[in-house]
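The values are calculated or read from the model by the stated rules, or taken from the named source; none is laboratory data. Worth saying up front: this structure is predicted, and the values here are computed from it rather than measured. Cβ placement follows ideal geometry from the backbone for every residue including glycine, while neighbour counts extend to all protein chains displayed. Only protein heavy atoms, including side chains, enter the accessible area calculation; ligands, DNA and RNA are left aside. Shrake-Rupley method; radii C 1.70, N 1.55, O 1.52, S 1.80 Å.
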Amino acid sequence: MALKKKPVTGMKDVLPAEMELRDYVLNIIKDTYRGYGFSSIETPCVEHIENLTSKQGGDNEKLIFKILKRGEKLNLETARSDADLVEEGLRYDLTVPLCRYYSNNAANLTTPFKALQVGSVWRADKPQKGRFRQFVQCDIDILGDGTNLAEIETILAITKALTRICPDNGFTVRVNDRAILKGMADYSGFPENETDRVFIILDKMDKIGLEGVGAELLEAGYAKESVDKYVELLAGIQNDAEGVRKLGETLSSVMDPEKAENLAYIMDTVSEINDVKCGLEFDPTLVRGMGYYTGTIFEVAMEGFGGSVAGGGRYDKLIGKFTGVDTPACGISIGFERIITILMDSGFKIPSTVGKKAYLFEKGLSKEQFGKVVKAAQEERAKGVRVAVAQMNKNKKFQKEQLAKEGFEEFVEFYKDSI
């Protein structure tokens, strides 16, 4: 039986032109983040299944690629549950592995620790354009800093990186706080144990609008008085820092106004000192689905990209799940695959000051002639030019077209009678 040449469903082969673009974008991201003091780390792609199923990852925990036990540990005949079959899984994000990493290595790390992590993650999701079962995440996280400096630095770093990648695309950072989300729900009179369900419906605002949110809340059985109060509250909120402060005053009977003041301070500071042009808005409907978020949350939307291109927030309780001692933490992840897909669809060309030449030589050159071709290529390479040397194909036109797709702009042909 012939071996299968296509990749597994939800995975893909990366051709040279895309790989060059991916390397280009990754280099910008890493270079930018290092400028803000982040240090590169790496964690294993395989995690303990207990860590991955700790009810911190939201719906992603339903999408884990689980790894069967091996050898004597695996007994299919006596197995009664997943725990009897599985002890490890492929990571679905980089945050849970980072917290395990920090918990295990904190004694050898600086405080606060600023981590830069790039790597593949896996989710058994339904594949579609721009969404794969294996994809790359690019994260920065600040661990051990409970001040709002962590949020400010994170937003400054992500906006700088995105500006460098897509200088012609405008973008907006949307911010919220989990405490404000809960405060709005409590103020409106929703049952305290139902707030997560309310947030799930609220998270559909972009798709169904404010009226749709109200209708779904009523359909879910919540009191009309609470729903009307909630909808009215959402409709009257300003999206700037002053709007956050006013909302804090409104919610003062159910929430410490300092929560709102802290978010407003972050917004004011970023607006004043950021050296890149971007929008910054308070979005009271921003939820973020991961179970580990505890405070400030943010997403970045970019013109022409549809949806968010980055997202994150504060998760001060997750490290404590490993150590028993809560440690403040804040981070953000770039939607790397989404950016790559859109750049490729738009025909983005990598700006470069380095030339790329292809030396194509005729079949049948003598040893001396072939040596001259390679020597000429070596001389160009010494000048910083990228040179590919290859024998001419019968279909030279197609060969050049394929090389051009990889960015080769100049072609030099060598024939036996001209060397």
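Quick notes on this structure:
- Set side by side, the residues THR147, THR159 differ, and just one is in the same structural domain as TYR33 (by the TED database), touching a Cys at 6+ places or on another chain (Cβ under 7 Å) and under 29 Å from VAL244 (Cβ atoms), which is THR159.
- Residues considered: ASN51, ASN27. Of these, the only one that is open to solvent by 60 Å² or more (accessible area, probe 1.4 Å), under 30 Å from ILE339 (Cβ atoms) and modelled with pLDDT of 85 or more is ASN27.
- Residue check for ALA107: under 22 Å from GLY295 (Cα atoms), modelled with pLDDT of 90 or more, in the same structural domain as LEU26 (by the TED database) and not in a strand (DSSP E or B): no
- PRO127 being surrounded by fewer than 17 Cβ atoms within 10 Å (Cβ to Cβ) and free of Cβ contacts under 8 Å to residues at least 12 places away in the same chain: no
- Hits in the range 399-410 - residues which are open to solvent by 60 Å² or more (accessible area, probe 1.4 Å) and touching a residue at least 12 places away in the same chain (Cβ under 8 Å): LYS405, GLU406, GLU409, GLU410
- Evaluated against (1) open to solvent by 30 Å² or more (accessible area, probe 1.4 Å); (2) part of a helix (DSSP H, G or I), ALA377 falls short on exactly one condition, (1).
- Against the conditions (1) open to solvent by 60 Å² or more (accessible area, probe 1.4 Å); (2) hydrophobic (A, V, I, L, M, F, W, C); (3) in contact (Cβ under 8 Å) with a residue 40 or more places away in the chain, MET255 satisfies every one except (1).
- Residue list for the range 258-273, restricted to those being open to solvent by 70 Å² or more (accessible area, probe 1.4 Å) and not small (Gly, Ala, Ser): GLU258, LYS259, TYR265, GLU272, ILE273
- The range 380-398, residues that are surrounded by 12 or more Cβ atoms within 10 Å (Cβ to Cβ) and either in contact with a helix residue (DSSP H, G or I) (Cβ under 6 Å, 6 or more places away or on another chain) or of a type in the set (D, E, K, R) (or both): GLU380, ARG381, ARG386, VAL387, VAL389, ASN393, LYS396
- Residues that are under 13 Å from the mean Cα position of the chain (by Cα), more than 14 Å from ASP275 (Cα to Cα) and of a type in the set (A, V, I, L, M, F, W, C) within the range 136-170 comprise VAL136, CYS138, ILE140, listed in sequence order.
- With respect to the conditions (1) farther than 30 Å from PHE38 by Cβ; (2) crowded, with 17+ Cβ neighbours inside 10 Å; (3) not hydrophobic (A, V, I, L, M, F, W, C), GLY189 lacks only one, and its number is (2).
- Scanning the range 343-361 for residues that are farther than 30 Å from ALA382 by Cα and either among the aliphatic types (A, V, I, L, M) or open to solvent by 60 Å² or more (accessible area, probe 1.4 Å) (or both) gives LEU343, MET344, ASP345, SER346.
- Filter result (at pLDDT below 90 and open to solvent by 30 Å² or more (accessible area, probe 1.4 Å)) within the range 192-218: GLU192, ASN193, GLU194, ASP196, ARG197, ILE200, ASP203, LYS204, MET205, ASP206, LYS207
- Positions within the range 14-37 being within 16 Å of the chain's Cα centre (by Cα) and under 15 Å from THR159 (Cβ atoms), in sequence order: ILE28, ILE29, THR32, TYR33
- Flag for PHE370 being open to solvent by 30 Å² or more (accessible area, probe 1.4 Å), in contact with a Phe, Trp or Tyr (Cβ under 9 Å, 6 or more places away or on another chain) and free of Cβ contacts under 8 Å to residues at least 24 places away in the same chain: yes
For every residue, the table says whether it meets (1) open to solvent by 20 Å² or more (accessible area, probe 1.4 Å); (2) in a loop (DSSP other than H, G, I, E, B).
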site	(1), (2)
GLU281	yes, no
VAL287	no, yes
TYR292	no, yes
ALA301	yes, no
GLY306	yes, yes
VAL309	no, no
LEU318	no, yes
LYS321	yes, no
THR341	yes, no
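- Scan of the range 166-178 for residues that are in contact with a helix residue (DSSP H, G or I) (Cβ under 7 Å, 6 or more places away or on another chain) and surrounded by fewer than 20 Cβ atoms within 10 Å (Cβ to Cβ), ordered by number: none
- Enumeration of residues in the range 320-343 that are in contact with a strand residue (DSSP E or B) (Cβ under 6 Å, 6 or more places away or on another chain) and closer than 22 Å to ASN176 by Cα: ALA329, CYS330, GLY331, ILE332, SER333, ILE334, GLY335
- Residue in the range 55-67 that is of a type in the set (Gly, Ala, Ser) and either in contact with a helix residue (DSSP H, G or I) (Cβ under 6 Å, 6 or more places away or on another chain) or modelled with pLDDT of 95 or more (or both) present: no
- Among residues of the range 347-364 that are closer than 20 Å to LYS375 by Cβ, those with a beta-carbon under 6 Å from a residue that is of a type in the set (Phe, Trp, Tyr) at least six positions away or on a different chain give the pairs LYS356/PHE408; ALA358/PHE408; ALA358/PHE411; PHE361/PHE414; GLU362/TYR415.
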